[in-house]
Every structure is written in structure tokens, then in C-alpha cells.
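**Student:** Have a look at this one.
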Amino acid sequence: MNSDNRFEAFQQYIDSEEKIEPKDWMPDEYRLHNIRQISQHAHSEVIGMQPEGNWITRAPSLRAKKILLAKIQDEGGHGLYLYSAAETLGITRDELIEQLHSGKAKYSSVFNYPTLNWADIGAIGWLVDGAAVTNQLSLRRTSYGPYSRAMMRICNEESFHQRQGYEIMAKMATGTPEQHAMAQSAIDRWWWPALMMFGPHDNDSPRTSNGLRWKIKRAGNDELRQRFIDKTVPQAEVIGLKIPDPRLRWNEETQHYEIGPINWDEFHRVVRGEGPCNSQRMAHHKHWHAEGAWVREAAAAYAARHNTNPVRV
Amino acid sequence: MQNALFQYLLRLGDTNLILSHRLAELCSRGPFLEEDIALTNIALDHIGQAEALLKYASEVEGRSRTEDDLAYLRNETDFRNCLLVEQPNTDFAYVIVRQFFIDVWQGLLYNALKNSKDETLAAMATRFAKETAYHYRHSGSWMVRLGQGTDESRARLERAFRDLWHYTGELFETDATEEKLSAAGIVPTSDALYPEWIAQINRVAGEAGLRLPATDYMASGGRVGMHTEHLGHLLAEMQYLQRAYPGAKW
């Protein structure tokens, strides 16, 4: 088969909704697109452990602490599935972490915002995981098999996260006046970053077209963002929180909410590294990765000597 | 008898509570992702044990304090955990050695408590013993891996082992509270657990290439609320929201 035919056959295979598996032939660009997207997703799960971890030691009840810890552990687990999915494309975990540290690989900018009160933990579950799951539900049908299967497992857990986040917000919004103020402050600070998670408008998004053609992405950024807005605005109303957008209105004709302009300058600034916590998040990851080096070396030395892992005692 | 049981449940509950807090502090700080997840898993087991034990303690006390009241609204001097678990996460070796000492002890204790005449305690111990078996497999295998890993891991393990050793004596102190409960067939006395504990420690320490420190000095005080400096800071953080906003529901 000459190379044009290979590309054509690949496209036909994708068009027939078949999954691409690790040993199948694929264009380099398809491979790189997937590595970039899956690793960005994996790094987001792992870096996302930090803003939530910021409140573990101050969680206000045993139940709240258990749920938060279990949730963060889930995020770590998602990171693992996704690193494994990326590794099937011929890149190692060490290389992926190296790309994160060098800044070559990105993670979701939303985690560069700080968690300033307990309601932020609710807001992350409700808004950030809510936005993520909207995107991920569509990614269950992504064309790369290992990524698609990771998404199916992840979606089940993320919808639970969204519910627990909303439960925290509801409790606080209907609690004491101080708690209500914390909840409103949280939605004020997390609403717009959550909307930005879907990425730029499709017209301004450089990679959307290839991603859609190869069915790596299954829906456009704006469509997914709209789905999230339509679902979330009524949820805020139910618990008496105001969406921080004076131009938000219901359009009877389109049966969708319309929002005011998104501050894309801020989005690009945070992606560039100039958000409130970019350097803090990266320094934390680098610091603890370096702190763990002697442990990884010890485990490797032991395994090399005994040709066994794990150890039985 | 009820007061003795209440005191005993606080000791076990607080020990799990404070240990789970130390492990929870490590979230996103593990040496690699799999280990980060493993430590969180163990933290979750200990929180679950603390919750069950403190809930039962609150029932035994009968003063309508909930398990959260016990965890979040008692002062430092009212905590009954052993000093070992409040020691900080100095490095991964400290985390492992602390856990290993506790895992061996809890394994023996929970196995003994399975036969308690107190059915609630016996049922809890049966569940906890299963969890502890996993914890022990984790910490014990790390003891050996670090001990036989590199020169650095061996040196760090030795330092942690030496530094934490004098907090282990407290685990085997037997007092009037225990003797009373033991006479009623509700709990074992702690000193009865020591021979098997030291045998297991010796075995794994030997495999890890460690020698037991030659010292008789053992710290004491957890059971009477005389803690190390570390506990006050831990509680200040843990109890912050409950203390700052009295009466709020979370």
C-alpha cells in the first residue's frame, strides 16, 4: 500500500467508528496529537491533587475528610490510567514527567487558581469536575482505544465527584451567613475558569479540526461549554448562589443560556504561566519528585538485585 | 467499667485519627504516583477505624458528643493517642518505620480483640485486622527494600528506626484501665502483646539489616494527655474550621 492509501484507509477505519489500538499503524501526527492530549489530561489529574490537597488537613468533619481523600485518590488513579494509556503510544512515564517539568507538556490551567476556603472544595467538584466530565463523556467515544477505555472508567468516578462537590456547596450556601459568603466567593472565583476549561472558541482553536477529523475530539469546545452552562445555571439557582455574570440570560428562542464575554486575555496569560499558582504548582511537583528520588532508586536497586517486586514479608 | 471502656476506645480511636492525619498530609507528596495512592489508601483505612472507634466511644460515654465532637472539639491534653503517631513525616523512611511499628502492633492487638466479650469491639477488630494485614505487607516490604536498597536508603532507614524507637515502649504500657477491662475479657493487656511484637520486629529488622537500638529509655505520656510538641500544631490545623465557626454544619 502506498502512503496515500495508508492515510486514506486509516481515515476510513476511523470514519467507521473502529478503535485504533496501540499496534495499529497510525500517522505520526495522530500519535503525537494523542500523546499531547492524553498526557495533558494525566498531568491535569495529578496537578489537580494539589489545590484540593490544600484542604485535606483542614477538612471540617471525619466524613468530609474521608470523601475528600478518596476523591483525590481517585484523581491520582485517573492519572495512572492515563499515563498508562499514553505509554502505549511509545513514550515513558519518565519522559512524560520530564515534559511536564520542562513546560513542554501542559496541564489544565484551572488548577493554577488557589483554593481559599472550604467551599472551594465544593466548587472544584461541582464546577471543575462538572466541566471536565462534560468533556470526558464525549471522549468515551474517542478513536484511540486505550484512551477511550480510560475515559469510561474515569467518567463513572467523576460524576460521583461532581455530586459530592455540589453537596458541599449546597450545605454551605444554605448554612450560616458566613458559610453562604464562602460559597458565593467560591463560585465567583471558579465560574469563569471552569468555562475556560473547554478551551478557546472553535474558530480560534488551532487543533480542533484535526482532532475532530480523527475523532480524537468528539465535540467542539463551544458546544461542550454550552452543555455545561445549561446544566449548571439552574443548579446554582436551586441553592441560592449567583452566577457572576451580569449578562447571563435565558434565550427562549434557542433554549440556551447566553453568557457575557469570556476574558481570553486572562486565559492565555494563565496558560503562558502567569496565573496565581503556576509556579507554586510546578515547584511542588518538582520538589516532591526530587525528594522521592532516593526511594525510587532504592526500589530499583532492590528489584535489580532480587529480580522480584513486590517483596514478601 | 463504662468509663474504662470509653478511655480505652479513645486511645485506639485517637491513635488511628492522628496517624491518618499524618498520612493524609502526604497526599501529592509521595515518591511516585503509585505510592502516593497507596499511602492515601492506608490513611483512609485509619480514618475509617478512627470514625468507628470514636463513634462507639461516644455511645459508651452517653453524653451526646458525636465522633466529630470528639475529634474536633477536644483539647490537646484530652487526646489519648500514643506519641509515636504524632511524630512528623520527616522523610519517607520515618513514614515507613512509624507505620511498620504500628502495623505489627495493630495486627496483634486486633487479632486479640476479635475474641473480646464486647461484641461491638470484636466485630470492629475483625474488620480492622483485615485492613492491617495489607498495611503490614506494605510497610514491611518497604522496610526490607529500603534496608537492602542503596547506601542512602539504608542510612535513612537506620536514622528513622533509631529516632522513633523510644516511642514504641508506650504501646506496651499496661495500666489499671486495661487490667479492669482485661479481667472482664474485653481487651488483652498491652504487655501481653510485646513478646510476639518484638519477635516480628526482630525478624524484619534482621532482613532489613538493622540492629535494635541499645537503649532502655522509652518516652511516655500519650495516655495521660502529655504529648510531644507536634500534636498541638496538628490539632490547630485539623480543628481550625470547627473552632473558627462554632455550631456551623459542614
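**Student:** Please work out which residue is farthest from A:Pro244 (Cα to Cα), limiting yourself to the range A:169-181 and to residues that are more than 8 Å from chain B (Cβ to nearest Cβ) and open to solvent by less than 40 Å² (accessible area, probe 1.4 Å). Lay out the reasoning, then the answer.
**Tutor:** Taking the range A:169-181 and keeping what is more than 8 Å from chain B (Cβ to nearest Cβ), we get A:169-170, A:173-174, A:177, A:180-181.
From the residues that got through so far, the ones that are open to solvent by less than 40 Å² (accessible area, probe 1.4 Å) too are A:169-170, A:173.
Working: A:Met169: 16, A:Ala170: 17, A:Ala173: 15 Å.
Per the criteria, the residue is A:Ala170.
**Student:** Continuing with the same structure: Looking at the range A:71-86 only, could you name the residues that are within 9 Å of chain B (Cβ to nearest Cβ), open to solvent by less than 10 Å² (accessible area, probe 1.4 Å) and of a type in the set (A, V, I, L, M, F, W, C)?
**Tutor:** Scanning the range A:71-86 gives a single hit, A:Ile72.
**Student:** Just one of B:Ala199, B:Ala208 is more than 19 Å from the chain's Cα centre (by Cα), within 11 Å of another protein chain (Cβ to nearest Cβ) and either under 23 Å from B:Val85 (Cβ atoms) or open to solvent by less than 30 Å² (accessible area, probe 1.4 Å) (or both); which is it?
**Tutor:** Criteria check complete, one pass: B:Ala208.
**Student:** Of all residues in the range A:87-106 being touching a residue at least 24 places away in the same chain (Cβ under 8 Å) and within 13 Å of chain B (Cβ to nearest Cβ), which is most open to solvent (accessible area, probe 1.4 Å)?
**Tutor:** Just the residues of the range A:87-106 that are touching a residue at least 24 places away in the same chain (Cβ under 8 Å), to begin with: A:88-91, A:96-97, A:99-101, A:103, A:105-106.
Subsequent filtering for residues that are within 13 Å of chain B (Cβ to nearest Cβ) retains A:96-97, A:100.
Details: A:Leu96: 0, A:Ile97: 23, A:Leu100: 3 Å².
Across the range A:87-106, the extreme among qualifying residues is A:Ile97.
**Student:** Taking the range B:220-250, which residues are more than 7 Å from chain A (Cβ to nearest Cβ) and open to solvent by less than 20 Å² (accessible area, probe 1.4 Å)?
**Tutor:** Of the residues in the range B:220-250, the ones more than 7 Å from chain A (Cβ to nearest Cβ) are B:220-236, B:239, B:243-244, B:246-247.
B:Gly221, B:Gly222, B:Gly225, B:Leu231, B:Leu234, B:Leu235, B:Gln239 - these are the residues of the range B:220-250 that are more than 7 Å from chain A (Cβ to nearest Cβ) and open to solvent by less than 20 Å² (accessible area, probe 1.4 Å).
**Student:** May I pose another question? So how many residues does the range B:35-84 have that are open to solvent by less than 20 Å² (accessible area, probe 1.4 Å), β-branched (Val, Ile, Thr) and facing another protein chain (nearest Cβ under 9 Å)?
**Tutor:** Residues that pass the stated criteria total 2.
**Student:** Something else now. Show me the helices (runs of 4 or more DSSP H) entirely contained within the range B:133-220 in which 3 or more residues are farther than 25 Å from B:Asp91 by Cα, modelled with pLDDT of 95 or more and among the aliphatic types (A, V, I, L, M).
**Tutor:** Result: B:176-183.
**Student:** Suppose we keep only residues that are open to solvent by less than 10 Å² (accessible area, probe 1.4 Å) and more than 10 Å from chain B (Cβ to nearest Cβ) within the range A:28-70. Which one would you say is nearest to B:Leu17 (Cα to Cα)?
**Tutor:** A:His43
Results for (1) at pLDDT 95 or above; (2) hydroxyl-bearing (Ser, Thr, Tyr), shown as yes or no for each residue.
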{"position": "A:Cys155", "(1), (2)": "no, no"}
{"position": "A:Tyr166", "(1), (2)": "yes, yes"}
{"position": "A:Lys171", "(1), (2)": "yes, no"}
{"position": "A:Pro177", "(1), (2)": "yes, no"}
{"position": "A:His180", "(1), (2)": "yes, no"}
{"position": "A:Ala186", "(1), (2)": "yes, no"}
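The values are calculated or read from the model by the stated rules, or taken from the named source; none is laboratory data. As the structure is a prediction and not an experimental result, all values here were calculated from the model. Quick reminder, even Gly has a Cβ in these numbers, built from the backbone with ideal geometry, and neighbours come from all protein chains shown. Calculation scope for accessible area: heavy atoms of the full protein, side chains included, ligands and nucleic acids excluded. Shrake-Rupley method; radii C 1.70, N 1.55, O 1.52, S 1.80 Å.
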